[in-house]
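Okay, so here's the structure we're looking at.
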Amino acid sequence: MLRYVLRRILYAIPIALGVSLVCFSLVHLAPGDPLSAVLPETATPEQIAEIKADYGFDKPLPIQYLKWLGRALVGDLGSSIKTGRPVMQEIAPAIGNSILLALAAIVLAFCVGCGLGVLAGYVRSRAADSVVTAVAITGVSIPHYWLGMVLIVIFSVEMNLLPASGMGAPDWQHMILPAITLASIPMGIIARSIRASVIETRKQEFVQTLYAKGLPARKVFRHVAKNVAPTVMAVMGLQFAQMLGGSILVETVFAWPGTGFLMNSAIFTRDLPILQGTILVLAMLFVAMNLAVDILQMMMDPRIKRN
Amino acid sequence: MSTITTTTPAPGAAAAPVAFRRASKGFWHTVGRRLARDPITMICAVILLLIVLAALFAPWLGLDDPFKQSMARRLKPFGYQGHWLGTDELGRDMLSRLVFGARMSLFTGFVPVALATLIGGSLGVVAGYAGGRVNMIIMRCIDVFYAFPSVLLAVAISGFLGSGQVNGLVSLTLVFVPPIARISESVTTRVRNEDFVEAARATGAPTLSILFTHVLSNVLGPILVYASSLISVSIVIASGLSFLGLGVTPPNAEWGLMLSTLRQAIYVAPLTAILPGAMIFITSMCFSLMSDGLRNAMDVKV
Amino acid sequence: MMISQETQRAPASAPIGHVAHNGESDPKRDRGGPAQPMLIVRDLKKHFEIGGSALGKNKTVVRAVDGVNFSVAKGETLGIVGESGCGKSTTARLLMHLIVPDSGDLIFDGEEVNRVRGINIRDLRQNMQMVFQDSYASLNPRLTIRDSIAYGPRVTGVGKAEALARAEKLLGMVGLEPGMFALRYPHELSGGQRQRVNIARALAMEPRMLILDESVSALDKSVEAQVLNLLRQLKRELNLTYVFISHDLNVVQYVSDRVLVMYLGQVVESGPVGAIYGGARHPYTTALLSSRPSMDPRRRVKTPPLSGDPPNPINPPSGCRFRTRCPHAQARCAEEAPVLAPSPLDPGHLAACHFPQAAPAKAA
């Protein structure tokens, strides 16, 4: 099994390198000369020379990439054009906030999705299936930034119940609306996937055998849950990773100070080092999460262990 | 059952002209008939048709000029002085802007998917049919792009390219190429291993002919179903890009852009502010449901 | 030398199965003469690698076909029998060159296949076609059966109208009335009908030899009998040579002139059908034959049934591969691999065994 884990990690390395290459080349997409893209507004000639040497703009591209990669690996992602502070310093608190929001959203999505999915899996009726499908399709089709605005209109503007934006004290109140909005996407997907998994597990003969042995339904459910768990974990892990990377829209609507909000302001101020750094960190997190989900799934399912 | 005759004409005898009775229509005809019987799909089709027609014929529908501003008439409620859906934050007629916005939103939603289907589909089919090294190289490159969450990739590319409609189209197309390529590759690999493809190869047919006659006809269905499911996603992300200030720029009318500029008005005219988003939702939902209907009609397990 | 480079081809209006006479240059002309075997297979090998890491270590090798020798005479039906995993289907695909052999020679009508001075693969495909087992999977669900049959001729240079006419004629020859069936789709036909279509499709290329890979195995018994009769009839009318692969011993006995028995990628016995079924010399053949249930209670076979585990082509036993299941195995069998040797009574009857049985076993 250890061999499988190592092989999986080995496979992820070229992907991670490829991702870093894509992030590196992003700067060269921008119109204009890449040097001016990373220069702070007020730069002294010494600073310019220093940056030139750091990035190696006069050297050929592969060398530039390697220099950039080398610095990125030790955490040096350049400095923000706007504030002059190191990019890493700006990103670190933002990531924390984004993870917090994503966690809240995934827990919420799991509770609702799980409830719906298990219910639909046990109550095999047309109506239940329709509800689950409706939730799933709605969740995928609805523009979540719009949903956020609608929720703001209902709960903040009209009912004045919850704060509309920002992050302040008390924290949990500010988190409710964004979390619900963000949770709308995976909720349907989780519900659908759980439902399909539950149905398939219950169809299997070992479940019938358990019932025939006289086991109470509650205990049978535990067995069913054990079989459904790997799939659910995988889906949840992937959705969590997606939310982390795709939270920019929701964070913008609610002015939640996470990585998405950071990227948004970086776009407006053309602060490309921040933009590039954030994208790199988020993409790497995504790759790492995919890897973790794969390994976790393999560990939980004894059938995959054999090589 | 039909009678199987075992008497055969002598070899070399010319076949007598026979009258053919077409026993069944083709595959797509059957799919069309099944679609027509599905009520949800039909309703969505009607709604979409209305929206598309309105978008196509927008300049000739006798609507107000979507660009005409009026400081005096900002954020008026529904029905004010002939503005059926009120006015926006610069005094422009909402109904007209929504209809003209449909042109932009549908365009930036549909074109990237179409382009990505062409590019990603070709890549995937080539990779799937070729197998081996070629497959591995192509799919590994695709995997790198697949390692980004879609919204992040779209924002990344757009963010660096700059705003503008063309840049938005480019970034969205790049976002959709990897998933379509993946699906195409897996379906093509499955078809390629079927016996009838082997039988075609056994006749010594040139590869291109096998691809077009045998592989493509069986692979197109699942690919199109998947691509159609991406249209709704594309509309949402495209509008999302405009919402962030990438993609379409003011003063153009586009639903996502309108949502963004109306955000400040949310306290004053909440209903007007959320109107463009409702359009995105309805359009996206209809495409989603139709795609589901298409999948059911084609009995595709993708 | 490639005859196809010369100008004269057989006339397009020639009936199906037309074998060119002297004066016509045709890739399908009988070049070797009646004494030349249609196909000679020499030391054919194919190994597959499975598993192992991406870096190339730890790959296990499946020796699917490991040194197969036989020949097929013109106009005969050669049956190939064996259990699953013995390499029959792989051999079929190697003959058709759908898989490239690792080593070994194929000689078709006196010309080496895929060699500089022999016959190229394209012309080989004009001469040799295959009928597959799974009748449904071997037909493109999107094409009418007429188009499926006409596809082969069309892509090898035959005009559209003529290809369609040929397809309809073939439908008639295999017993499916063109007026009713030409425009149908595969899912509208029964298994037996589809297999007839497959035969028609193979014949559309006007081959001289057909390889039938488990072609009747998936059919109901009554339908199977009809298709076998059809095959017999077609062979006579079109002057064909067959290689008939099956795991069903009775069917092979019914259709074959000569029989080849395969085990774990090698030929263990070959000979005329009467000799094999009436007096098998290899213990495996004897065991196979005795595993057929007999309707006659008086015909009880005394030889012991097969024992031991089914074969694993990844790690075959040393020496004689059958020794782990052979009731007559001795020390020599583990050290030395036996080669096909003729029987003293009949040079055409070969067995690869150190201790071939002299006494004939009773056939069912």
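Mind checking which residues of region C:120-134 are facing chain B (nearest Cβ under 9 Å) and not hydrophobic (A, V, I, L, M, F, W, C)?
If the condition is that a residue be facing chain B (nearest Cβ under 9 Å) and not hydrophobic (A, V, I, L, M, F, W, C), then C:ARG122, C:ASP123, C:ARG125, C:GLN126, C:GLN129, C:GLN133, C:ASP134 are the ones that fit.
Name the residue, out of B:VAL144, B:VAL175, that is part of a helix (DSSP H, G or I), within 13 Å of chain A (Cβ to nearest Cβ) and in contact (Cβ under 8 Å) with a residue 12 or more places away in the chain.
Matching residue, one of B:VAL144, B:VAL175: B:VAL175.
Quick one: which residue in B:LEU208, B:LEU169, B:LEU161 is touching a residue at least 24 places away in the same chain (Cβ under 8 Å), within 21 Å of B:ILE119 (Cα to Cα), surrounded by fewer than 22 Cβ atoms within 10 Å (Cβ to Cβ) and hydrophobic (A, V, I, L, M, F, W, C)?
That would be B:LEU169, the only listed residue that is touching a residue at least 24 places away in the same chain (Cβ under 8 Å), within 21 Å of B:ILE119 (Cα to Cα), surrounded by fewer than 22 Cβ atoms within 10 Å (Cβ to Cβ) and hydrophobic (A, V, I, L, M, F, W, C).
Which residues, taken from region C:323-340, are surrounded by 14 or more Cβ atoms within 10 Å (Cβ to Cβ) and within 21 Å of C:GLY79 (Cα to Cα)?
If the condition is that a residue be surrounded by 14 or more Cβ atoms within 10 Å (Cβ to Cβ) and within 21 Å of C:GLY79 (Cα to Cα), then C:LEU340 is the only one that fits.
Mind checking whether some residue in region A:294-304 is touching a residue at least 40 places away in the same chain (Cβ under 8 Å), out of contact with any Ser or Thr (no Cβ under 7 Å at 6 or more places or on another chain) and within 13 Å of chain B (Cβ to nearest Cβ)?
Yes, region A:294-304 has at least one match.
In the list A:ALA102, A:ALA53, A:ALA94, which residue meets the criterion of being more than 20 Å from A:VAL22 (Cα to Cα), of a type in the set (Gly, Ala, Ser), part of a helix (DSSP H, G or I) and at pLDDT below 75?
The conditions single out A:ALA53.
Among the residues in region C:138-149, are any under 23 Å from C:VAL216 (Cβ atoms), more than 8 Å from every other protein chain (Cβ to nearest Cβ) and in a helix (DSSP H, G or I)?
yes
Suppose we filter A:GLY113, A:GLY84, A:GLY139 for residues that are more than 18 Å from A:ILE279 (Cβ to Cβ), touching a Pro at 6+ places or on another chain (Cβ under 8 Å) and at pLDDT below 75; which single one remains?
Exactly one of A:GLY113, A:GLY84, A:GLY139 is more than 18 Å from A:ILE279 (Cβ to Cβ), touching a Pro at 6+ places or on another chain (Cβ under 8 Å) and at pLDDT below 75, namely A:GLY84.
Being in contact with a Leu (Cβ under 7 Å, 6 or more places away or on another chain) and more than 25 Å from B:LYS76 (Cα to Cα) narrows it down to one residue among B:ALA269, B:ALA205, B:ALA238; which is it?
Answer to the selection: B:ALA238.
Rundown of residues vs (1) surrounded by fewer than 22 Cβ atoms within 10 Å (Cβ to Cβ); (2) more than 14 Å from every other protein chain (Cβ to nearest Cβ), yes/no style:
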position	(1), (2)
A:LEU100	yes, yes
A:VAL112	yes, yes
A:GLY121	no, yes
A:VAL135	no, no
A:THR138	yes, no
A:PRO143	no, no
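Can you run down the residue pairs with Cβ atoms below 9 Å, 6 or more apart or on separate chains, where the first is in region A:265-287 and on the phi > 0 side of the Ramachandran plot and the partner is of a type in the set (A, V, I, L, M) and not in a helix (DSSP H, G or I)?
From residues that are on the phi > 0 side of the Ramachandran plot, the pairs are A:ARG270/A:ALA30; A:ARG270/A:ILE81.
Looking at (1) basic (Lys, Arg); (2) part of a helix (DSSP H, G or I); (3) farther than 23 Å from C:SER89 by Cα, which one does C:ARG201 not meet, given that it meets all the others?
(3)
Hey, any hits in region C:215-224 for a residue that's more than 8 Å from chain B (Cβ to nearest Cβ), touching a residue at least 24 places away in the same chain (Cβ under 8 Å) and surrounded by 24 or more Cβ atoms within 10 Å (Cβ to Cβ)?
Looking through region C:215-224, at least one residue is more than 8 Å from chain B (Cβ to nearest Cβ), touching a residue at least 24 places away in the same chain (Cβ under 8 Å) and surrounded by 24 or more Cβ atoms within 10 Å (Cβ to Cβ).
Tally the residues that are without any contact (Cβ under 8 Å) to a residue 40 or more places away in the chain, part of a helix (DSSP H, G or I) and either of a type outside the set (Asp, Glu) or more than 7 Å from chain B (Cβ to nearest Cβ) (or both), restricting the search to region C:164-191.
9
The values are calculated or read from the model by the stated rules, or taken from the named source; none is laboratory data. Values in this document were obtained by computation on a predicted structure and should not be read as measured data. Quick reminder, even Gly has a Cβ in these numbers, built from the backbone with ideal geometry, and neighbours come from all protein chains shown.
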